[in-house]
């Protein structure tokens, strides 16, 4: 199997999380200790610069919560006025911030804010510099914490108030933009374009002849991805590396290349985030070929055993698939699915169906075990034939058109909206806030309905077993999601070969698909 072994990920994550918390606490403690020390100085010349930096932190924290022209924003943005008592001026400014935040905070935060305001009102003229410094530092720290709570409250309000389809579009939008931004930070656009072009150039059209006639032509890249998934080497998308001059010599590299085989199944940078999902799909596809190969060795008619028997072909395939799937998923205790386990299943079901005409003696058992070992080899003719059929079917399915009925519940075959199952118009929603309409469900948006509609794949010769057909459908959908996601995130690169390029007609794909269709009523904000 191609899946790489995993260490105790959860234990490592817990240790890393614990270490991050400790480091974060230490940094915060050092930050506020330094702030308190600077503010406690008897010299205003030392207090003012530290207050300025503190105001900058407060400004960044309250900006998302207050209007741009709010007096608090203006105060925090302006240079500090010269004064002989900067801490008392700061206390006044902090009080103004708290009053402004209280007007916008959830009622559940009122008591907390009132306590902070009361603490600022208590100091008298006899308060020492150290006491005022501690009050200012503690209040500023509390305000920063309050703004985080308010942002969380606002997020929860938005989640509860936005239509589900709008919320899904918002999350999709952020995920797509962040993914592309991350990859563009790691690789220069020109390097990505060259890598994409070179990768596409490796497409073998003799194995995938459908790539020659696929429409639109830029969908050829789906065939190239399937070709990568069919390769025995696991797919990878390594981080870019920078060679430091003088660290090694070209001769050393040449010597190493003779002993160490470099990976030949590298995907271009657009797949950096989705490579783990594709690697899982690659393992599942190989497991499907193995299961079909073993199923071909059994050659049992479905009627040879009663349906309730635990040794009928369907049960045999289910058991084989369970072994293979646990190996791919690396469930505890199944780190290595041995050939002997698979061979035992083949021999067992063969013994059950043995008769006088076809006995299963020691010689037959040895032959079966040898056949299992041979069939699992990637160069075995049966393995290669079944793999070719499966991968060609996957490629054809990825570029196929949607079924006649489209998505369930979307529209009727004649193009008109189907009748809803339940009447929702006018239904009361007691105790709930009115929904917000953000207009993100516009059919022209690339963040809506990014998954293509495809009908269920046809039965593939050699994979007729119900268990295999079920798992093929699930695995195909996994690959399809990555293909559709990449089509949206990297639409410019996919269609033009350039990042930032426009299609020939100058319109995004989503707009072209909807051209000439009724887009419905305008969205309301």
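If I take R0 = 30 Å and measure r between the Cβ atoms of residue 15 and residue 329 in this structure, what FRET efficiency does the formula 1/(1 + (r/R0)^6) give, to the nearest 0.05? Walk me through the intermediate numbers first.
Details: r = 24 Å, r/R0 = 0.79.
Computed FRET efficiency for residue 15 and residue 329 comes out at 0.80.
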(Q) Only counting other Cβ atoms within 10 Å, I'd like 81, 400 sorted with the fewest neighbours first. (A) 81, 400
Q: Sort 184, 135 so the one with the fewest other Cβ atoms within 10 Å of its own Cβ comes first.
A: 184, 135
Q | Cubic angstrom per residue, convex hull over Cα atoms of the stretch 22-116 | A | 119
Q. What is the spin-label model distance, in nm, from residue 191 to residue 236 if the labels are put 7 Å beyond Cα along the C-beta direction?
A. 1.7
Q: Please work out how much length the chain gains when fully extended from residue 44 to residue 455, using 0.36 nm per residue of separation minus the C-alpha to C-alpha distance, in nm with one decimal.
A: 140.6 nm
Q: With label points built 7 Å along Cα→Cβ from the Cα atoms of residue 170 and residue 400, find their separation and express it in nm.
A: 3.7
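Residue 178 to residue 376: FRET efficiency via 1/(1 + (r/R0)^6), r the Cβ-Cβ distance, R0 35 Å, to the nearest 0.05? Kindly include the intermediate steps, with their values, before the conclusion.
Values: r = 41 Å, r/R0 = 1.17.
The formula returns an efficiency of 0.30 here.
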Q.
Sort 397, 450 by Cβ crowding within 10 Å, fewest neighbours at the top.
A. 450, 397
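Every number here is computed from the coordinates shown, using simple stated rules; none is lab data. What you see is a predicted model; the values in this text were computed from it and never measured. Don't worry about glycine lacking a Cβ; one is built from the backbone with ideal geometry, like all the others, and counts go over all protein chains shown.
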